[in-house]
Amino acid sequence: MNILSKLISCSIILTAISCSNKDQALEAENAINAKDLEKHVIVLSSDEFQGRKPFTVGEEKSTQYIADEFKKLGIEGGFNGNYFQDVPAVELNYSPDKSITINAKNGEITLENTKDYIAKTPHLKDSVEIKNAEIVFAGYGIVAPEYGWDDYKNIDAKGKIVLVLVNDPGFATQNKELFKGNAMTYYGRWSYKYEEAARQGAKGVLVIHSDKAAGYGWEVLTNTSASGISIQAKDGNAQKCALEGWITDIAAKKLFEKSGLDFDALTKKATAADFEALSLNCNLNLTIKTKLKFANSKNVVAIIKGTKRPDECIVYSAHWDHFGIGPKQNGDSIYNGAIDNGTALGAMLETAKAFSKLKTKPERSIVFIAVTAEETGMIGSKYYVENGLFPPEKTIANLNYELLLPIGKMKDVTITGFGQSELDVYVEQAAKEQDRYIADEPFPENGMYFRSDHFSFAQAGIPSLFIKGWQDSRENGKEWAKDQINNYWANTYHKPTDEYNPETADLSGCVEDAKLFFKIGYKLANETTIPKWNEKSEFKAIREKSMAK
Ligand SMILES: [Zn+2]
């Protein structure tokens, strides 16, 4: 045999192998169907599951159901066969002072709890007392060397209460050259502001709310202001600020006026890099009493071990929790969470089924994780990332399912956080196979990329995807899809009306999304490439540091 014919026969064999891989992948993918997906949604969003609230019977039923389904598929439990990962958690119920009075330069001002401010504490203590802490204004509260930005450059925030604006200077100015312009960066999120204030040694931090800059109204904050869930941190969260909270822009403006300062002029100044933080020359006194309830919640974790690179993994995630039983609305008090996150859990179980059908198992390991307490701060996913089966540097990618709408097939695949990483290319390729196109999220200023479990992975430097059909109905077009979404946000999201109705639901789009997730994960699992964050991503440096280990 000469070299040429050897090469030819070699390439024929290679093509045959890749062909049969493709066939078996397609066969596995075709196991995903609406009937099975629907069964999961009906069970998980049934009244019997009581809204799937952590620490309740709803948790027991949900986590057991999901574990049983993995078992039926022959996918083993992540922890030596055990499906459950205990998440040591604490439920905190707050009673802050009903009002606070501040003596400012031009007189007294009294602010009321929930009307003007929200005060919480992450400290795992019965009571936290703020005594005569100086109040300072630190602009956007951002330290971002890559943008040449440091709002704390000229003050020592130690022991002080910092007031900071929500979102970032790019949004405020709509200047494309500043941060990421209209799109919110992580520096714009309240969670970043809390983290940075703690790094600066501040005693407390109050984020100044405005509807537009936050992306949601004040009531979204007050609805959930009375309680929280935290991980049982060894140090009792002592490294965090004692006070974490919000103040309305109206109340902040009044406080600035009483302090002899011009709120509007100063917030404008804060959009420039040469802004200098300043004192309001007044002090805050406030006590927060907290009732603590220590209890374990659970993540459900299943694994298919890789054949060639078992120490590397792709993680699929979807949160199982929702709000349980709450305030009655139109006679219903069960927050069933059919779309948030029943359809998503169903889609993940269907993707898992497809992987279980593969004749040749994937080369990298595949992890499926149904996480707890997403609705109360993404606690379950954070805990998994820090105590996972694989370290961040061995976790190649995370694909997260959240809010899949049962409104039929969509032409688009919306990537929330479009442009963040090389994973976009994988989405594009898989979307093409389904005759779909990729689209940017409709409101990048709302910071949705920082608002579901994939973000816990991103914070550890792991490239993460939050994707779904969202904007362009195959049958009814874009305007119709927009109406459906708007209707969902207004009438169903986080309400007892988030129920499953088999008469009106069309799961064909969720089936397509589940197949898309399979395609992307299958490709990632069978190659040696490690996708990277893009140049301007906030998470690039974190990844590079963890990969250098
Ligand atoms: Zn959700």
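The values are calculated or read from the model by the stated rules, or taken from the named source; none is laboratory data. As the structure is a prediction and not an experimental result, all values here were calculated from the model. Note: ideal-geometry Cβ built from the backbone for every residue, glycine included; neighbour counts use all protein chains shown. Ligands, DNA and RNA are excluded from the accessible area calculation, which covers all protein heavy atoms including side chains. Shrake-Rupley method; radii C 1.70, N 1.55, O 1.52, S 1.80 Å.
A single entry from Glu386, Glu375 fulfils the requirement of being within 16 Å of the ligand (Cβ to nearest atom) and within 18 Å of Val87 (Cβ to Cβ): Glu375.
For segment 293-307, which positions are in a loop (DSSP other than H, G, I, E, B) and open to solvent by 60 Å² or more (accessible area, probe 1.4 Å)? Walk me through it before giving the result.
Of the residues in segment 293-307, the ones in a loop (DSSP other than H, G, I, E, B) are 305-307.
The answer is Lys305, Thr307.
Within segment 136-170, being touching a strand residue (DSSP E or B) at 6+ places or on another chain (Cβ under 9 Å), among the charged types (D, E, K, R) and farther than 21 Å from Phe539 by Cα holds for Lys153, Lys160. If you check Leu261, Leu266, Leu280 for being over 24 Å from Tyr94 (Cβ atoms) and either assigned to a loop (DSSP other than H, G, I, E, B) or at pLDDT below 95 (or both), only one passes: Leu261.
When segment 184-196 is examined, which residues are found to be of a type in the set (A, V, I, L, M, F, W, C) and open to solvent by less than 30 Å² (accessible area, probe 1.4 Å)?
First, the residues of segment 184-196 that are of a type in the set (A, V, I, L, M, F, W, C): 184, 190.
Scanning segment 184-196 gives a single hit, Met184.
Just so you know, in segment 421-459 the residues that are open to solvent by less than 30 Å² (accessible area, probe 1.4 Å), charged (D, E, K, R) and away from the ligand (no atom under 16 Å from the Cβ) include one that is nearest to Pro531 (Cα to Cα), and it is Asp424. The one condition from (1) under 29 Å from Ala34 (Cβ atoms); (2) out of contact with any helix residue (DSSP H, G or I) (no Cβ under 9 Å at 6 or more places or on another chain); (3) of a type outside the set (Lys, Arg) that Ala318 does not meet is (2). When restricted to residues that are surrounded by 14 or more Cβ atoms within 10 Å (Cβ to Cβ), aliphatic (A, V, I, L, M) and more than 20 Å from the chain's Cα centre (by Cα), segment 521-548 contains 3.
If we scan segment 311-323, do we find a residue that is open to solvent by 10 Å² or more (accessible area, probe 1.4 Å), touching a residue at least 12 places away in the same chain (Cβ under 8 Å), over 21 Å from Ile407 (Cα atoms) and within 14 Å of the ligand (Cβ to nearest atom)? Please lay out each step first, then the result.
We begin by selecting, within segment 311-323, every residue open to solvent by 10 Å² or more (accessible area, probe 1.4 Å); these are 311-312, 323.
Adding the requirement that they be touching a residue at least 12 places away in the same chain (Cβ under 8 Å) leaves 311-312, 323.
Okay, now just the ones that are also over 21 Å from Ile407 (Cα atoms), so 311-312, 323.
Okay, now just the ones that are also within 14 Å of the ligand (Cβ to nearest atom), so 323.
Yes; the residues of segment 311-323 include at least one that is open to solvent by 10 Å² or more (accessible area, probe 1.4 Å), touching a residue at least 12 places away in the same chain (Cβ under 8 Å), over 21 Å from Ile407 (Cα atoms) and within 14 Å of the ligand (Cβ to nearest atom).
Candidates are the residues of segment 191-223 that are assigned to a helix (DSSP H, G or I) and charged (D, E, K, R); the one that is farthest from the chain's Cα centre (by Cα) is Arg199.
Candidates Ala344, Ala370, Ala338: the one that is open to solvent by less than 10 Å² (accessible area, probe 1.4 Å), within 16 Å of the ligand (Cβ to nearest atom) and closer than 21 Å to Glu91 by Cβ is Ala370. Do we have Asp506 as touching a strand residue (DSSP E or B) at 6+ places or on another chain (Cβ under 9 Å) and under 25 Å from His322 (Cα atoms) here? Here the answer is yes, as Asp506 does meet what is asked.
Restricted to helices (runs of 4 or more DSSP H) entirely inside segment 409-517, those with at least 3 residues that are modelled with pLDDT of 95 or more, more than 19 Å from the chain's Cα centre (by Cα) and at negative phi are 423-433, 477-491. Every test in (1) open to solvent by less than 20 Å² (accessible area, probe 1.4 Å); (2) within 16 Å of the ligand (Cβ to nearest atom); (3) within 30 Å of Glu195 (Cβ to Cβ) is passed by Gly326 save one, and that test is (1). For segment 165-190, a tally of residues being of a type in the set (A, V, I, L, M) and part of a loop (DSSP other than H, G, I, E, B) returns 4.
Residues of segment 460-483 that are under 21 Å from Glu512 (Cα atoms) and crowded, with 18+ Cβ neighbours inside 10 Å: Ser464, Leu465, Phe466, Ile467, Lys468, Gly469, Trp470, Gln471, Asp472, Ser473, Ala481.
Taken together, Asp435, Asp453, Asp506 contain a single residue that is more than 19 Å from Gly337 (Cα to Cα) and either assigned by TED's automatic domain parsing to the domain that holds Ile334 or not small (Gly, Ala, Ser) (or both), which is Asp435.
Taking only segment 485-496 into account, find how many residues are touching a Ser or Thr at 6+ places or on another chain (Cβ under 8 Å) and either among the hydroxyl-bearing types (Ser, Thr, Tyr) or surrounded by 17 or more Cβ atoms within 10 Å (Cβ to Cβ) (or both). If you could, list the steps in order and put the result at the bottom.
Taking segment 485-496 as the starting set, the residues that turn out to be touching a Ser or Thr at 6+ places or on another chain (Cβ under 8 Å) are 491, 496.
Narrowing the set further to residues that are either among the hydroxyl-bearing types (Ser, Thr, Tyr) or surrounded by 17 or more Cβ atoms within 10 Å (Cβ to Cβ) (or both) leaves 496.
Within segment 485-496, residues that are touching a Ser or Thr at 6+ places or on another chain (Cβ under 8 Å) and either among the hydroxyl-bearing types (Ser, Thr, Tyr) or surrounded by 17 or more Cβ atoms within 10 Å (Cβ to Cβ) (or both) number 1.
Residues in segment 45-60 that are in a helix (DSSP H, G or I) and surrounded by fewer than 22 Cβ atoms within 10 Å (Cβ to Cβ): Asp47, Glu48, Val57, Glu60.
Take Ile42 and decide whether it is part of a helix (DSSP H, G or I) and open to solvent by 30 Å² or more (accessible area, probe 1.4 Å). If you could, list the steps in order and put the result at the bottom.
On the way: part of a helix (DSSP H, G or I): yes; open to solvent by 30 Å² or more (accessible area, probe 1.4 Å): yes.
Taking the combined requirement at face value, the residue satisfies it.
Suppose the filter is away from the ligand (no atom under 16 Å from the Cβ), crowded, with 22+ Cβ neighbours inside 10 Å and either under 24 Å from Ala370 (Cβ atoms) or not polar (S, T, N, Q) (or both); does Leu399 pass it? In short, no.
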